[in-house]
Amino acid sequence: MVTEVIDTNELHKMDPVFGQMSFDNHEQIVFCNDKDTGLKAIIGIHNTVLGPALGGTRMWNYTSEWEALNDVLRLSRGMTYKSAITGLNLGGGKAVLIGDAKTQKTPELMLKFGEFVHSLGGKYITAEDVGMATSDMDLVRTVTPYVTGISEANGGAGNPSPITAYGVFMGMKAAAKYKFGSDILEDKVVYVQGIGNVGEALVENLSNEGAKVFIADINQERLEEVRDKYNVEIYSGNNIYAEKMDIYAPCALGATINDSTIKQLDAKIIAGAANNQLAEEQKHGTMLRERGIVYAPDFLINAGGIINVYAELENYDRKEIIRKTENIYNTTLEILKKAEADNITTYQAAYNVAQARIDARKNEK
Ligand code: NAD
């Protein structure tokens, strides 16, 4: 899973919403409640300058409302920059449903959530995220058109995870080109942490290219299944961060790059699918740079999923989805070179390009 590491004891000491540490000039935050279905949701709309705020819905058993609020604030902001740097005419938004997806997600609750999304008149468009399935989006589609990620049978673009993984693979190759002078990953030692929907598809790409892949997950059954399918090795140690590797690919949790892990990391490149990998963007981006570890910004290289769902709004085909996803290679290489030229972190370089696109559009208006 995928929520961020946050000291919840600290959160309640701040002002409830606009004073939260993850609040970053979000345009609108919508709290949704329905007694009958038990729905408790927060929709975060960060920025709509480039277009409607598109981002998935995550259902998670948050330990507190503070944690849920901070998650939606951080994730919706990330979506703004993801779409901006990818060249999509979309703003950033995200929704969180508070509760256990395995036991508390009912059709009635999803429909009620869909009604709330509909009430925003298209300012926020939803999609799937952790705890959601394509079938949930199909259900939401029955009450609102403001949903993507619906099944191919219902005219959607289907499961975005393989495309996300392909984009991460492209970003990883670009980082390898930058760091090693070649983008061929054959024999490179890659640790994939989290072999869920995206992680497994990434393992497939890596294994096809002949990389030496180690997989780590908290789900033992899944580890064995993926190992047998792709002939990769299960990591059996207890501290992945201390292992010597060429590439670390975080595909599970956010905030795995932090004070403690950076000190131990013996990797040359970080490139993975997880959102919000840096616990603190400025601080940890700088620490990585000082250690000579190339960080491929998460919001740039994990944009394949949003490229996939955007096709549903813009009616482009599979070929165009692949073309746009492969372009992540070019953008990543440009950003890594730009960071070096400007003497800034790769995160900052990516952020600057995304923000410049938003500012330019704002000035046109
Ligand atoms: P998923 O829930 O299918 O997979 C996550 C995997 O991580 C699971 O197998 C889980 O057991 C494992 N995991 C959880 N905690 C772990 C830990 N401490 N150590 C090791 N493994 C752990 O999720 P997913 O759809 O594959 O997404 C992975 C990440 O990529 C998430 O952060 C998600 O937000 C991000 N992302 C996904 C997409 C997409 O298209 N699915 C798009 C962009 C970003």
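The values are calculated or read from the model by the stated rules, or taken from the named source; none is laboratory data. Bear in mind the structure is a predicted one, so any value in this text is a computation, not a measurement. Please note: Cβ atoms are built from the backbone with ideal geometry, for glycine as well, and neighbour counts cover all protein chains shown. What goes into the accessible areas is simple: the full protein's heavy atoms, side chains included, and nothing from ligands, DNA or RNA. Shrake-Rupley method; radii C 1.70, N 1.55, O 1.52, S 1.80 Å.
Looking at 278, 288, which one is within 15 Å of the ligand (Cβ to nearest atom) and either more than 27 Å from residue 195 (Cβ to Cβ) or open to solvent by less than 50 Å² (accessible area, probe 1.4 Å) (or both)?
One residue alone meets the criteria, 278.
Here residue 41 meets the list (1) open to solvent by 20 Å² or more (accessible area, probe 1.4 Å); (2) under 27 Å from residue 20 (Cβ atoms); (3) more than 18 Å from the chain's Cα centre (by Cα) almost entirely, failing just condition (1). Those helices (runs of 4 or more DSSP H) of the stretch 79-193 in which at least 2 residues are of a type outside the set (Asp, Glu) and buried (at least 21 other Cβ atoms within 10 Å of the Cβ), considering only elements entirely within it, cover 107-119, 134-141, 161-180.
Looking only at residues of the stretch 207-222 that are farther than 14 Å from residue 251 by Cα and touching a strand residue (DSSP E or B) at 6+ places or on another chain (Cβ under 7 Å), we find that the one that is least open to solvent (accessible area, probe 1.4 Å) is 211.
Just checking, which of 301, 257, 270 is closer than 27 Å to residue 148 by Cβ, crowded, with 24+ Cβ neighbours inside 10 Å and not acidic (Asp, Glu)?
One residue alone meets the criteria, 301.
Pairs meeting the criteria (first residue in the stretch 303-315 and free of Cβ contacts under 8 Å to residues at least 24 places away in the same chain, second residue more than 8 Å from the ligand (Cβ to nearest atom) and assigned to a helix (DSSP H, G or I), beta carbons under 9 Å, at least 6 apart or on different chains) are 314/320. Does any residue of the stretch 320-340 turn out to be away from the ligand (no atom under 13 Å from the Cβ), within 25 Å of residue 22 (Cβ to Cβ), surrounded by fewer than 21 Cβ atoms within 10 Å (Cβ to Cβ) and assigned by TED's automatic domain parsing to the domain that holds residue 194? No: zero hits.
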